1. Just to confirm my filter: which helices (runs of 4 or more DSSP H) fall fully inside the range B:160-229 and include at least 2 residues that are closer than 22 Å to B:Y143 by Cα and hydrophobic (A, V, I, L, M, F, W, C)?
2. Within the range A:25-58, restricting attention to residues that are under 21 Å from the mean Cα position of the chain (by Cα) and away from ligand 1 (no atom under 16 Å from the Cβ), which residue is surrounded by the fewest Cβ atoms within 10 Å (Cβ to Cβ)?
3. Report, by residue number, each residue of the range A:11-24 that is within 9 Å of ligand 1 (Cβ to nearest atom) and in contact with a strand residue (DSSP E or B) (Cβ under 9 Å, 6 or more places away or on another chain).
4. Every residue in the range B:78-106 that is assigned to a loop (DSSP other than H, G, I, E, B) and either in contact (Cβ under 8 Å) with a residue 40 or more places away in the chain or away from every other protein chain (no Cβ under 14 Å) (or both), please.
5. If you take the residues in the range A:156-187 that are of a type in the set (S, T, N, Q) and away from chain B (no Cβ under 14 Å), which one is nearest to ligand 2 (Cβ to nearest atom)?
6. Which of the following residues is more than 16 Å from ligand 1 (Cβ to nearest atom), part of a loop (DSSP other than H, G, I, E, B) and either hydroxyl-bearing (S, T, Y) or in the same structural domain as A:G177 (by TED's automatic domain parsing) (or both): A:I103, A:I108?
7. Show the residue pairs that are 6+ apart or on different chains and have beta-carbon atoms under 8 Å apart, the first residue being within the range A:275-286 and farther than 15 Å from A:D257 by Cα, the second being part of a strand (DSSP E or B) and open to solvent by less than 30 Å² (accessible area, probe 1.4 Å).
8. Taking the stated definitions as given, is A:A66 out of contact with any strand residue (DSSP E or B) (no Cβ under 7 Å at 6 or more places or on another chain) and either more than 10 Å from chain B (Cβ to nearest Cβ) or within 10 Å of ligand 1 (Cβ to nearest atom) (or both)?
Amino acid sequence: MIVARGLTKTFGAKVAVDDLSFTVEPGRVTGFLGPNGAGKSTTMRMVVGLDRPTAGSVTVNGHSYASSPAPLREVGALLEARALHPGRTARNHLRWLAASNGIPRTRIDEVLDLVGLDAVADQRVGRFSLGMGQRLGIAVALLGEPPVVVLDEPVNGLDPEGIRWVRTLARELAGQGRTVLVSSHLMSEMALTADHLVVVGRGRMLADCSMAQFIADHAASYVRVRSPRPGDVEALLRGRGLDVDRHGDELQVQGMDAAGIGDLVGRAGLHLHELTLVRSSLEDAFMTLTADSVEYAAHPAAQEAQAVR
Amino acid sequence: MIDTVALDPDRHVPGVRRHPRAADTLHAEWLKFWSVRSTGWSTAMLFVLGAGLTTLVCATSAAWLASGEADESPASFITWGLFFAQITALALGTLIVTSEYGTGMIRATLSATPRRGAVLAAKAVVLTGTLFVAGVVTAFAGYLGGNWFLDREGIGIALTDDGVLRSMLGSGLYLAGLGLFAMAIGLLVRHTAAALSIGLALVFVVGNMAFLLPGTWGEWVAKLLPGNAGSGVATPVPFNPELLAPWTGFAVFTAEVAALLLTGWLVFRHRDA
Ligand SMILES: Nc1ncnc2c1ncn2[C@@H]1O[C@H](COP(=O)(O)OP(=O)(O)OP(=O)(O)O)[C@@H](O)[C@H]1O
Ligand SMILES: [Mg+2]
């Protein structure tokens, strides 16, 4: 379990993490979402004691990371930036880490096998591709079989097979009862992996809820209605105080569920050719939620030109 | 209801010991130190430059030293190669810290061992242990090689001669101290090129130029600079008669290194990694 209380970090005048309080529970995957520069990596560095909070605190299993006698056996972390010496082999990198925390050497081959790097274990990591480096980072995180696993953008640089593997791995780890915190920018990725969401923007908490709750709250939905007599159906629904948008012969209705609309239209003796619940994508929901807190957005060329004028 | 994985951090160590200890941190630093190529190369360079150049300079100067014209003691030449071995000691000391910052390794190191004092202590032990042994072995090899040529001219030096054994031991001590000195600079500066330049400049450039300073004030500054104060212990008879006495100088050097290291630690202790 990871508990953050009033966690704050400033770099000079920049507030990278602003008064975050959240709990990452064991037994489920918690997705940590936010646009670029939202403070996800900074928060994760504070979890493992690399950065000192300006205010507030974060504890792992009830105590600070630094006070753990054998931290790698308690928390496994994959951080954003590579933490490898290019001249060292993968096996030697794992060897010194294992030695530092009294982890048996047999575990090294186990994790190399697990992440699929056994064939290149004795190569210098400077030659590793982005994805291979990422796999080694995951091997490091799992070395001590930790009950708490923190992964900062683990799928970064992985191929589709690797992405699916990380997704399955995260779910398995949570299934074993471990605490799993995974960061990402991709809502679509989190939708497949996470049970719970913590969404941040500009260092501030935007949402802390279950995946299902997030969908219900933020994914806007409407009912698409087609009828041979759209004008009559529109008039009927408007008469009931529903919100109707007409696009050609398609009606987009909000304010009542599909069953209710169907019954209403049926009782009026009108026919329907389509009655569909349409949800905007989670990606859209995420974009809407974080729209105000995107700091580093690309500007389309047209807007740029206008701005110059 | 899912069971929570046991939080006992000892569950993988079959009943042996409770927690990782200082010895484990030391072991990790040792593995780290020797698993990159630069360490092996640097140590080999230290030996080759140190012992090789001493032998070479003795071979080429023996005849002159044996003649009446010589104005230097042969004993000044017996650890001559050490002058160059200083470079590798500075390089190893710098790299043990700056290579971690340069590559991001420092984050792995501090997540594995969050007690930063323990990390520094382990690094210091690995570094000084290696440099002390390398320094003493190199000095002895240089003595054996160089003395073979001096002996042929009848001016051989016995190990029992004044200051000879002390200089062998002193070579190891001085290089170990120099390594720590560079490590402290590395902690403060964090960039390999910058830290190494500062270390080399302080020992080789500033150290020599300071003797040009005027008056007794200038003389004292020169004597007290780390390279000048510390290196006296590593030669039986120094070329430069103005240096402090060997052990006095080494004590000054040790104090300077300790102060710099303490500053480095104070900065390192709370810094974001
Ligand atoms: N060491 C640092 N010094 C100064 N500013 C920093 C430092 N680390 C992070 N920041 C700033 O803090 C903010 C949060 O950065 P952080 O890397 O935590 O974001 P993030 O959510 O991980 O972003 P991304 O999705 O791009 O990885 C950014 O504005 C960044 O510029
Ligand atoms: Mg990040």
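The values are calculated or read from the model by the stated rules, or taken from the named source; none is laboratory data. From a predicted model like this one, the values you see are computed outputs, not experimental measurements. Backbone-built Cβ (ideal geometry, glycine too); neighbour counts: all protein chains shown. Heads up: the accessible areas ignore ligands, DNA and RNA and are worked out on the full protein's heavy atoms, side chains in. Shrake-Rupley method; radii C 1.70, N 1.55, O 1.52, S 1.80 Å.
1. B:164-189
2. A:E25
3. A:V15, A:A16, A:V17
4. Taking the range B:78-106 as the starting set, the residues that turn out to be assigned to a loop (DSSP other than H, G, I, E, B) are B:78-81, B:104.
Across the range B:78-106, the qualifying residues are B:I78, B:T79, B:W80, B:G81.
5. Looking at the filtered set, the residue picked out is A:S183.
6. That would be A:I103, the only listed residue that is more than 16 Å from ligand 1 (Cβ to nearest atom), part of a loop (DSSP other than H, G, I, E, B) and either hydroxyl-bearing (S, T, Y) or in the same structural domain as A:G177 (by TED's automatic domain parsing) (or both).
7. Short answer, once both residue conditions are applied: A:F286/A:L33; A:F286/A:V199.
8. On the way: out of contact with any strand residue (DSSP E or B) (no Cβ under 7 Å at 6 or more places or on another chain): yes; either more than 10 Å from chain B (Cβ to nearest Cβ) or within 10 Å of ligand 1 (Cβ to nearest atom) (or both): no.
Criteria not met by A:A66.
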